[in-house]
1. Put simply, what bits of segment B:27-47 lose 30 Å² or more of accessible area when the other protein chains are there, versus the chain on its own (1.4 Å probe)?
2. What does the accessible area per residue of chain B come to in Å², with a 1.4 Å probe and no ligands, DNA or RNA counted?
3. Just how large is the dipole of chain B about the Cα centre, in debye to the nearest 20, putting +1 at every Lys and Arg Cβ and -1 at every Asp and Glu Cβ?
4. Kirkwood hydrodynamic radius for chain A: how many Å is it when counted over pairs of different Cα atoms?
5. If you take the accessible area of A alone, add that of B alone, and subtract the area of the pair, what total do you get in Å², probe 1.4 Å, to the nearest 100?
6. Can you give me the relative contact order of segment B:132-204 as a percent, contacts being Cα pairs under 8 Å and 6 or more apart?
7. Which of the peptides B:155-164, A:124-133, A:91-100, A:65-74 is most tightly packed, and how do the rest follow, judged by the mean count of other Cβ atoms within 10 Å per residue?
8. Whole-Å semi-axes of the protein assembly as shown's equivalent ellipsoid, largest first, each the root of 5 times a Cα gyration tensor eigenvalue?
Amino acid sequence: MDIDDILREVDPTFHSIPREKRDLQELTRAWIAERSAPELLPWPANGLFERINSNIKHQIEKVEEMTGDTDPKTNFALIVIQTELERYRYLVRSYLRARIAKIDRHTLHYLSTDDLRSRLSEMELAYATRHQALLHNHYLSSFLSSFPANLQNLNDAAAGISMIETPDLESAVFIRLLKDTFVEVRGVDADGAVNVKESDIAILRWSDAKPLVEAGSAELI
Amino acid sequence: MPMYGDLGNKLVQHAKRTQNLAHLPPYQTELVRGVTREVRDLDKDVASLLEPFQGSFDPSADQATACTLLVNHLSMRRNKRCLLAYHRTRTDKLAELVWSGSDVLDLAGHQAGGANGAPAADAGASSSLSPQEEDYFRQYGDLLAAYKGQWTDIDLTGSLEPPRDLFIDVRVLKDAGEIQTEYGAINLTKNSQFYVRQGDVERLIAQGYLQKLG
């Protein structure tokens, strides 16, 4: 299920909203979700960032065009557009930085399987691969190359402990329900199940919340 | 008598301390070498212990040797972890510096200046980075520039504070010369104050030339 489908369901006015506004909503949602989730979420595959990029470019051109104009009216419009532009930029920047921080923290984990790799954008994949190579090279030239060969790996799983750290999927997240749902959760002492109504807010483990978010029954906040 | 793992422990303490420091303390070349040597010595011990058995060692028949081997083995792995943790803590710090826009030369100069109060004449000798770390710093800088280059309209290393005002008041802390803005040129001389577009001066604020007021 795609975010568009969710929006269509929860919002009857969906079709009357222009594309740019929907893109901004989608970006804001992706940004909030990415900052809340303990693990990296999939990169939006529907061309969202291509559209956002071209919107930003368009606005920058407009600003440049309007700058020469000394009419007070244009000047005011210019400030509004520039303010919007700064905010738009901030959203994209903060979103990308949140992702890079997660990727840097668990690079080998996100590079380890095809499924995990597919969450990264092409650029992020190139960045992660190269950064990992840099680090590995740094370890090798600093000390690792004078180690005995059997101790040079960075991905051993000896004695049942893998060298590759993974994000903590059991940490807590807040979600808002987008429709009435029966939510099953695991607690410390006992497991539980509750009926949660649309627009209710719940706190639970990410591992329990993930299926709901993926199915479009809830969103991260 | 120093024990296995003592040196590794020292490295970890260095790493822990580094986490809370604003600057990067000098690279512990001797310690790193010492820990690496310990690993090689332990590996030799293991090899010579196993030699008489010709590959047919039975742990339950010779429990004392088995125990020695296990301890040696764990010590080697622990040392490796200590080394990795130490280096990773430092590279994380370096990466942070790259993001904040420092370059390797003012890094070396800055550190030396802080240590003996005089500007460094030759940055290489007084740098607190190992040569490998300098390489890493430079290469990571290139990598980041390449990634940033794909998002030119965003300015990826810009402020992570949500923008509130388009224009801000700034005071000039160090002479920064003349900058071009779309409202004309501004001459940034020390102690002067300006009302400027935030986007135009973000870089200078991060580098400590300007201070944001209010």
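1. B:Thr36, B:Val39, B:Arg40, B:Asp43
2. Working: 12160 Å² over 214 residues.
The answer is 57 Å² per residue.
3. Values: 23 positive and 28 negative charges, 112 e Å.
That gives a dipole near 540 debye.
4. Numbers: mean 1/r = 0.0481 Å⁻¹.
With all distinct Cα pairs of chain A included, I get 20.8 Å.
5. Values: alone 13980 and 14390 Å², together 23990 Å².
Chains A and B together bury roughly 4400 Å² of accessible area.
6. Numbers: 61 pairs, mean separation 19.9, N = 73.
Taking the mean separation of contacting Cα pairs over the length of segment B:132-204, I get 27 percent.
7. Working: B:155-164: 14.9, A:124-133: 17.3, A:91-100: 19.7, A:65-74: 10.7.
The densest-packed peptide leads the list: A:91-100, A:124-133, B:155-164, A:65-74.
8. Working: eigenvalues 438, 246, 57 Å².
Listed largest to smallest, the semi-axes of the protein assembly as shown are 47, 35, 17 Å.
The values are calculated or read from the model by the stated rules, or taken from the named source; none is laboratory data. This structure is a prediction, so every number in the text was calculated from the model and none was measured. Glycine also receives a Cβ, built like all others from the backbone with ideal geometry; neighbour counts cover every protein chain displayed. For accessibility, only protein heavy atoms count, side chains too; no ligands or nucleic acids. Shrake-Rupley method; radii C 1.70, N 1.55, O 1.52, S 1.80 Å.
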